[in-house]
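Some notes on the structure that comes next.
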Amino acid sequence: MHYNYTHPKEIEYTGEIQIFDEKGQLAAISKRIYDNQFKQKLDRMFDYRYFLKYDIYNANNEKELIIKKISRRGKLWYEAVDTKRQKTYIISYENWRIGIPELYISDGEIKIQINKEMEDWSEFVFENEIIAKWKAEFKDDQFEMTLVIHDNSPLQNVAFFIGVCQATLFVGA
C-alpha cells in the first residue's frame, strides 16, 4: 500500500497531519505531542529534537501508537507502543562505536533494519528483503512524504510505520 501526506517545514509543528492511502482515503493521523508547555519551551533550546513524542491515530481517531525519544546516560533510543496490541518496540542504533551506526526496530521477536537516507528512499529491511520504504521531498515550502508498505512486511500497521518515520527519519536524532 502507498500512503501520502504533507508536513509543514517546521519540525516542531503540533497540529494534526493526515495520512492518506492510495485511494485518497484517510488512513491515519499523526500528531506531535508535548506533555506540558515547559517541555515545549525547553525543546526549542535543543532544536526541537530532544522532547520528541508522537501519537498516531487511525481513521476513526483511535490512538494506535505512541512513539517517543528516550535519552539516558548517553544512550539514545526510541520506544514505540502499539496501544491496540499492547506491544512495545525499541528502535535503537547499533554498531555506533565502530563508526557506522545502524538503526534497528525490535520487539524481541522480529528485528527490522532501517537504512536511513536523507535525499532518497529510506528502506525497512527484514530478513534481507525490503518490506517498506519512506521518502520526504521538500516542495512548495513543505515536505511531501510517501510511505510504501509491501505485502511481505510482517507488520502491516500504517500507524506503526508513520510513527517510526516521523520520529526517527523526519525529526531524527
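Scoring GLN142 on the criteria (1) under 29 Å from ASP43 (Cβ atoms); (2) open to solvent by 10 Å² or more (accessible area, probe 1.4 Å); (3) under 17 Å from the mean Cα position of the chain (by Cα); (4) modelled with pLDDT of 95 or more leaves a single failure, condition (3). Checked against (1) within 18 Å of LEU103 (Cβ to Cβ); (2) surrounded by 14 or more Cβ atoms within 10 Å (Cβ to Cβ); (3) of a type in the set (A, V, I, L, M), MET118 passes all but condition (2). Under the condition of being closer than 19 Å to LYS111 by Cβ and modelled with pLDDT under 95, the residues counted in the stretch 59-69 number 0.
So for the stretch 73-87 (the condition being loosely packed, with under 15 Cβ neighbours inside 10 Å, within 25 Å of ASP43 (Cβ to Cβ) and among the small types (Gly, Ala, Ser)), does at least one residue qualify? Yes, some residue in the stretch 73-87 is loosely packed, with under 15 Cβ neighbours inside 10 Å, within 25 Å of ASP43 (Cβ to Cβ) and among the small types (Gly, Ala, Ser).
Annotation note: Cβ proximity below 6 Å between a residue of the stretch 104-127 that is in contact (Cβ under 8 Å) with a residue 40 or more places away in the chain and a residue that is loosely packed, with under 13 Cβ neighbours inside 10 Å and not hydrophobic (A, V, I, L, M, F, W, C) (sequence gap 6+ or interchain) occurs for ILE110/PRO154. If you go through the stretch 142-173 and keep only what is part of a loop (DSSP other than H, G, I, E, B) and either in contact with a His (Cβ under 6 Å, 6 or more places away or on another chain) or closer than 24 Å to ILE33 by Cβ (or both), you end up with LEU155, ASN157, GLY172, ALA173. Looking only at the stretch 54-65, residues that are out of contact with any helix residue (DSSP H, G or I) (no Cβ under 8 Å at 6 or more places or on another chain), touching a residue at least 24 places away in the same chain (Cβ under 8 Å) and not in a loop (DSSP other than H, G, I, E, B) come to 1 in all. Once the stretch 23-58 is narrowed to residues that are more than 17 Å from CYS165 (Cβ to Cβ) and among the aromatic types (Phe, Trp, Tyr), the residue that is modelled with the lowest pLDDT is TYR50.
Can you find even one residue in the stretch 89-103 that is surrounded by 16 or more Cβ atoms within 10 Å (Cβ to Cβ), out of contact with any Leu (no Cβ under 7 Å at 6 or more places or on another chain) and of a type in the set (A, V, I, L, M, F, W, C)? Yes, that holds for at least one residue. The residue that is least open to solvent (accessible area, probe 1.4 Å), among those in the stretch 6-47 that are touching a residue at least 60 places away in the same chain (Cβ under 8 Å) and part of a loop (DSSP other than H, G, I, E, B), is ILE11.
The values are calculated or read from the model by the stated rules, or taken from the named source; none is laboratory data. None of these values were measured; they are calculated from a predicted model. Note: ideal-geometry Cβ built from the backbone for every residue, glycine included; neighbour counts use all protein chains shown. What goes into the accessible areas is simple: the full protein's heavy atoms, side chains included, and nothing from ligands, DNA or RNA. Shrake-Rupley method; radii C 1.70, N 1.55, O 1.52, S 1.80 Å.
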